[in-house]
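See structure below.
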Amino acid sequence: MQGPLKSIAAGVVSGIATYFVSVAALGYTNAFVMPSWAPLVLWEAVVVFGIGAALVALLAQLVALRMFQADAAWALVSFLGAALLAMGLAGQLTFGTKTLVAWAVGALLASLAYRKLRPNKSFKPTPLRGAA
């Protein structure tokens, strides 16, 4: 039972950290001057929400998964729940859907990368058999 609790805690910690760090990151990325050749939708998706929200969520989720040695699926679900709850308590659900989607994409990519890099807890050493 310790595994799911650690994973849920990792997701909640990363979700809350993402919420608070993204406020500053979104402010900085939104202040970048858009070039005249760039379409507004592409600029907003890649620079503002890609760097300011998705990258923050990816890094926070990946660090939390690594620190807690958590299960990626449980942590992803609890991340999304914590992020949704944080936005709801702040009253930002009516106009924060793009941010929430960017967080979900970042956390999903972090979970997939963590599962791909560490399948079945393969980082634990296994004893050599028949080597001696």
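The values are calculated or read from the model by the stated rules, or taken from the named source; none is laboratory data. Small disclaimer: the values here were computed from a predicted structure and weren't measured. Quick reminder, even Gly has a Cβ in these numbers, built from the backbone with ideal geometry, and neighbours come from all protein chains shown.
Can you tell me how many residues in the stretch 75-116 are of a type in the set (A, V, I, L, M, F, W, C) and exposed (fewer than 12 other Cβ atoms within 10 Å of the Cβ)?
3
Of all residues in the stretch 94-107, which are without any contact (Cβ under 8 Å) to a residue 24 or more places away in the chain and touching a Leu at 6+ places or on another chain (Cβ under 8 Å)?
Leu100
Does at least one position in the stretch 38-45 carry a residue that is of a type in the set (Gly, Ala, Ser), surrounded by 14 or more Cβ atoms within 10 Å (Cβ to Cβ) and at pLDDT 95 or above?
Checked the stretch 38-45: no residue is of a type in the set (Gly, Ala, Ser), surrounded by 14 or more Cβ atoms within 10 Å (Cβ to Cβ) and at pLDDT 95 or above.
Of the residues that make up the stretch 62-73, is at least one within 13 Å of Ala102 (Cβ to Cβ) and not charged (D, E, K, R)?
no
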